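One structure below.
The values are calculated or read from the model by the stated rules, or taken from the named source; none is laboratory data. Keep in mind it's a predicted model, so treat the numbers as computed, not measured. Because the Cβ atoms are built from the backbone with ideal geometry, glycine has one as well, and the counts that use them run over all protein chains shown. SASA here: full protein model, heavy atoms, side chains in, ligands and nucleic acids out. Shrake-Rupley method; radii C 1.70, N 1.55, O 1.52, S 1.80 Å.
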Amino acid sequence: VPGKQVTLAHVISSPDKDIYDRIGVESGESIGILTLTPTETAIIAADIATKAAPVSIGFLDRFTGAVLIQGDVQSVEYALEEVNRVFENLLGFNVVGVTKT
């Protein structure tokens, strides 16, 4: 159902170097992936994530609603949880739980 929602919030801990090469970002300890609708809210999500924890933005696309953040596993996980919390409680979004592989 289209609407205000976080459709994916996932942490990839210790990704294979090939993943970094394929997506064109520098390698690190972990990757956090978000997808959101409306797509412009990706900008807000990236802002919340970078203020919540020491993470960096690897990729942000306001046209698809995709956000990729990077940092240590705990920071990435906390940043995604904080994005979910703000989007659900402040902005009235439907959110999914943060998953991890």
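Taking the Cα centre of the chain as reference, the dipole from Cβ charges on Lys and Arg (+1) and Asp and Glu (-1) amounts to some 280 debye. Starting from the Cα gyration tensor of the chain, take the square roots of the eigenvalues, sort them a ≥ b ≥ c, and report rounded, prolate or oblate (rounded when a/c is under 1.5, otherwise prolate if a/b is larger than b/c, else oblate). Taking the square roots of the gyration eigenvalues as a ≥ b ≥ c, the chain is prolate.
Which angle from 0 to 90°, rounded to the nearest 10, does the C-alpha axis of helix 73-89 make with the longest principal axis of the chain? Its long axis makes an angle of about 10 degrees. Please state the shape class of the range 62-101: rounded when a/c is under 1.5, otherwise prolate if a/b exceeds b/c and oblate if not, all from the C-alpha gyration tensor. Judged from the Cα gyration tensor, the range 62-101 comes out oblate (a/c at least 1.5, b/c at or above a/b). Ligands, DNA and RNA aside, residue 64 has an accessible area near 80 Å² when probed at 1.4 Å.
Cross-link partners for residue 4 among the lysines, with Cα-Cα distance under 28 Å and sequence neighbours closer than 8 places in the same chain left out: 51, 100.
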